[in-house]
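Asker: Handing you this structure, nothing more for now.
The values are calculated or read from the model by the stated rules, or taken from the named source; none is laboratory data. Worth saying up front: this structure is predicted, and the values here are computed from it rather than measured. Virtual Cβ from ideal backbone geometry, glycine too; neighbours counted across all protein chains shown.
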Amino acid sequence: MRAQIVMLNSMSSHRSGGGSHRRHKKHQSSARDAPRPPSPAQILEETQQMLRELQVQSETYTTQYDYHVREARRLQIMMQSASEERALLSGSAAAVHATRQGRMVDHAEMEARREQLDGEIATLELSIQHYQNASAKQTPFSFIQHLSLKMRDLIVEAKAQEAMQRFITSIDEREILKLASSYHNNEPCQMFQPIKHGSFNVCFFVQFSTPGSDGAPERWVVRLPIPDLIPWIDEKIDVEVATMKYVAANTMIPIPIIRAHSSAKNSPIKMAFIIMDYIEGKTLKELGFVKDFDVWCSVTPQPTRAREIMYEKLAQVYIQLRQLEFPEIGALGLPKGDDQSIRVRHRPLCIEILLQEHEGLVPALNFPEHTTFKTSKEYVDALLWLGDNLLHKGKNSMIDIRGERVLYASHHFRRFTMESWLDPAQDCGPFVLTHGDLGIQNLLWDDDLNLVAVLDWEWSSVMPLQFLVPPPWLDGQTIDVLCHGQILYNSQVGIFCDIVRQQEKVLGCSPLLSDEWDRRKGWCHTLVVCALLRPEYVFDVYWSFINYAVVGFQPLTSEQMKKYKEITSQQLALFMENDNRKVFLLRKEEEQRVYYKEEECHFGALLDC
């Protein structure tokens, strides 16, 4: 039976690649009595239920799996870029580049990067071959899960990557070292590990000879926002610094100490920056989360000791955030003038607003600077407007693949959210501080599963309480996979909620969060929040989750699936009787064709280079 559950976890995994994972030492079981394990008949019934759900997931993926030549061409560009970088990582070329940057060659890092590129190239070759040769019916379920149809402008994404590389190349590391020293009594420092970057920032890691509080050399991170990728750098830095200072002053959540920060206008290096302490730690992925079955997974309702400890530390973060209430929705800002308080001063920026700004969709029309919201309804309506804006103005709406189902999902997701999901009793609050990007990449742990740092508060904002939901990664899956099956996730949410209640007692807090989450257990509210903040998920969240609630059942047999398809066909036909919707679809189909030609010209020109 355990082999069956391992197989199910493997089938629903959204990750690729191998590599060894260090096994944790096994933690001793907790002293409290474990609940009675389920009977073999119960385990068999639950497993069969999961298998039926996976069958439905497979059919759902197949209906979305219409390949296009542009995907193969885009992947070819990515592979060409990776191959060129791989070629440049020869010893002589790397040495020349490092010398120009005034630093030593890190041969170990070079070799690690070469191995990483080899893996990426192999994966891209497989993907290209698959796009070119496989049909939807011939595609194995395990590979289909790696596809996500994104309503994003791929040309803009490609240009953003080019801008990032240009910015990184333009930086003189000696200037970064000089900057760090200027905030450390002009003490010399050196880089102690290679540059790293995320989607919007570049990080440099510097080390001084002076020992820190732990006796080891003091280490800092110098983080630079990438100008071409962040149009509102000063605003974002003000939000992040204010939030981190507020969290440090009002909670016990572990975060790095900020040593210095500056806008581009006042910066000695003419670039905005934040300097903060470097925190040594590992992500859950590096600690083998989910993949190391014996450590993280259990065949009984009782969690493993490792997962229990992790949930306890994570619960403490959520509990403390829940305590931080504010009178309006927005983002925190630093004191101005004589006002010495950190309070809500900015609009609640999210990643979607930034992406739409890059694509020229002008999201600031509904989110101008310093805009705050007094009610949940007002804020949710603004987020739904972002989704409409992406659908109506975006170039890559997937209309040619998904047709009227895109418009139907957008229309009915709005209706469901405003009429059924949004809680009118909480319209005027509570409004609480949220992190904005609390993924496993932003949580650092030590080997004993102590949480040592919560990183990257740049997307933090004050939101309605309904937006403070359990993270979507509790069962080790991505949002794309979670859309198509919530059984395992909901079971983990139940365990997590119980631990939240226990930790509220440990911290001496009132059960504000556990009472709220207990009311909502059994239904995946996390998916609604994800779709509101990232409308490219609306299609999958609606059709693979919400519409089942609207119809009244989730099809788990072929007969139920037949009935479900009949109902949805009738829904779509009735919906499309509106002539304005027909005109809209025709316009978007034409815009899609024009965009494909633009894509072909852009990526084709790169291929011909």
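Asker: Could you tell me whether Leu407 is over 26 Å from Lys291 (Cα atoms) and crowded, with 18+ Cβ neighbours inside 10 Å?
Answerer: Taking the combined requirement at face value, the residue satisfies it.
Asker: Can you find even one residue in segment 550-565 that is under 29 Å from the mean Cα position of the chain (by Cα), part of a helix (DSSP H, G or I) and not basic (Lys, Arg)?
Answerer: yes
Asker: What about Ser410, is it among the hydroxyl-bearing types (Ser, Thr, Tyr), touching a helix residue (DSSP H, G or I) at 6+ places or on another chain (Cβ under 7 Å), in contact (Cβ under 8 Å) with a residue 40 or more places away in the chain and not in a helix (DSSP H, G or I)?
Answerer: So Ser410 does not fit the description; no.
Asker: Filter segment 385-404 for residues that are in a helix (DSSP H, G or I) and surrounded by fewer than 21 Cβ atoms within 10 Å (Cβ to Cβ) and give the result. Let's see the steps before the verdict.
Answerer: Our first condition is that a residue be in a helix (DSSP H, G or I); within segment 385-404, this holds for 385-393, 399-402, 404.
Trp385, Asp388, Asn389, His392, Lys393, Asp400, Ile401, Arg402, Glu404 - these are the residues of segment 385-404 that are in a helix (DSSP H, G or I) and surrounded by fewer than 21 Cβ atoms within 10 Å (Cβ to Cβ).
Asker: Follow-up question, since we're still on this one. Just to confirm my filter: which helices (runs of 4 or more DSSP H) fall fully inside segment 136-248 and include at least 2 residues that are at pLDDT below 90, within 30 Å of Ser397 (Cα to Cα) and within 27 Å of the chain's Cα centre (by Cα)?
Answerer: 141-144, 154-170
Asker: Also, quick follow-up: Kindly list, by first and then second residue, each pair from a residue in segment 290-301 that is modelled with pLDDT under 85 and among the polar types (S, T, N, Q) to a residue that is assigned to a loop (DSSP other than H, G, I, E, B) and surrounded by 16 or more Cβ atoms within 10 Å (Cβ to Cβ), limited to pairs with Cβ atoms under 6 Å and residues at least 6 apart or on different chains.
Answerer: Partner pairs satisfying both residue conditions: Ser298/Thr304.
Asker: Just checking, does segment 399-422 include any residue being in contact with a Ser or Thr (Cβ under 6 Å, 6 or more places away or on another chain), of a type in the set (Asp, Glu) and at pLDDT 95 or above?
Answerer: No, because not a single residue in segment 399-422 is in contact with a Ser or Thr (Cβ under 6 Å, 6 or more places away or on another chain), of a type in the set (Asp, Glu) and at pLDDT 95 or above.
Asker: Quick check on this structure: which one of Glu591, Glu600 is modelled with pLDDT under 90 and part of a helix (DSSP H, G or I)?
Answerer: Numbers: Glu591 fails: modelled with pLDDT under 90.
None of the others qualify; the one that does is Glu600.
Asker: Still on this model: Is it the case that some residue within segment 390-404 is farther than 30 Å from Leu572 by Cα and of a type in the set (S, T, N, Q)?
Answerer: No; the residues of segment 390-404 include none that is farther than 30 Å from Leu572 by Cα and of a type in the set (S, T, N, Q).
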